[in-house]
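What follows is a short report on a single structure.
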Amino acid sequence: MVPGENLDVKTSDGNGTSRRNTKAIGNFSEIMVMAALARAGYFVAVPLGDNSRYDLIAEKDNKLLRVQVKTGRLRKGAILFACYSSHAHRKGPSCRPYVNEIEFFGVYCRELDSVYLVPIQDAVCLSGSLRVDRPRNGQLRKVRWASAYLISEPISEG
């Protein structure tokens, strides 16, 4: 069983069209990142409302860090995640990066049930990629290995 797999259930938008429940998926990722940060010794705070450019504030060693949570997807041996926000549905700019507005991306990958803390300077403007498996083309330069950013692995059940 994949954690949160029931989140893939399609929901109706009222017009007979079904789509993924992206809000529930994002909320689940936030909870998983918060728990991982707490287990790693961070104090975690959540800003009031949905108007800030970050989802969490993590504090460790008297430093406050703004964290934007993203849901990563395992594809072809890498965890892929968006490094921008999309507001096309609100008639705002379609894509807006987080440069100078956060310090870290907190990435939860459901397929691996793992959480990664990625400094914004280690992410590309529009999409992030953390390599899990060795690239098939053998290229190893400039590869960002997921293991370097791992803050939480699955909790064993036994």
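The values are calculated or read from the model by the stated rules, or taken from the named source; none is laboratory data. Quick caveat, the model's predicted, so the values are computed rather than measured. Cβ: placed from backbone, ideal geometry, glycine included. Neighbour counts: every protein chain shown.
Within segment 45-60, being surrounded by fewer than 16 Cβ atoms within 10 Å (Cβ to Cβ) and either at pLDDT 95 or above or within 25 Å of S127 (Cα to Cα) (or both) holds for A45, V46, P47, D50, N51, S52, R53, E59. When segment 85-113 is limited to residues that are closer than 12 Å to G128 by Cβ and surrounded by 19 or more Cβ atoms within 10 Å (Cβ to Cβ), the one that is modelled with the lowest pLDDT turns out to be Y98. Restricting to segment 96-114, and then to whatever is within 8 Å of the chain's Cα centre (by Cα) and of a type outside the set (S, T, Y), can you tell me which residue is nearest to G41 (Cα to Cα)? Step by step, filter segment 96-114, then rank; the result is G106.
Each row is one residue, and each column tells you yes or no for (1) surrounded by 11 or more Cβ atoms within 10 Å (Cβ to Cβ); (2) part of a strand (DSSP E or B); (3) touching an Asp or Glu at 6+ places or on another chain (Cβ under 7 Å).
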{"position": "V115", "(1), (2), (3)": "yes, yes, no"}
{"position": "V118", "(1), (2), (3)": "yes, yes, no"}
{"position": "S129", "(1), (2), (3)": "yes, yes, no"}
{"position": "P135", "(1), (2), (3)": "yes, no, no"}
{"position": "G138", "(1), (2), (3)": "no, no, no"}
{"position": "R141", "(1), (2), (3)": "no, no, no"}
{"position": "I151", "(1), (2), (3)": "yes, yes, no"}
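The residue list G16, G41 contains one member that is loosely packed, with under 15 Cβ neighbours inside 10 Å and modelled with pLDDT of 85 or more, which is G41. Within segment 17-46, the set of residues being part of a helix (DSSP H, G or I), in contact with a strand residue (DSSP E or B) (Cβ under 7 Å, 6 or more places away or on another chain) and charged (D, E, K, R) comprises E30, R39.
Pick out, from segment 47-86, the strands (runs of 3 or more DSSP E) lying fully within it that include 1 or more residues that are of a type outside the set (S, T, N, Q) and in contact (Cβ under 8 Å) with a residue 60 or more places away in the chain.
Fully inside segment 47-86 and qualifying: 78-82.
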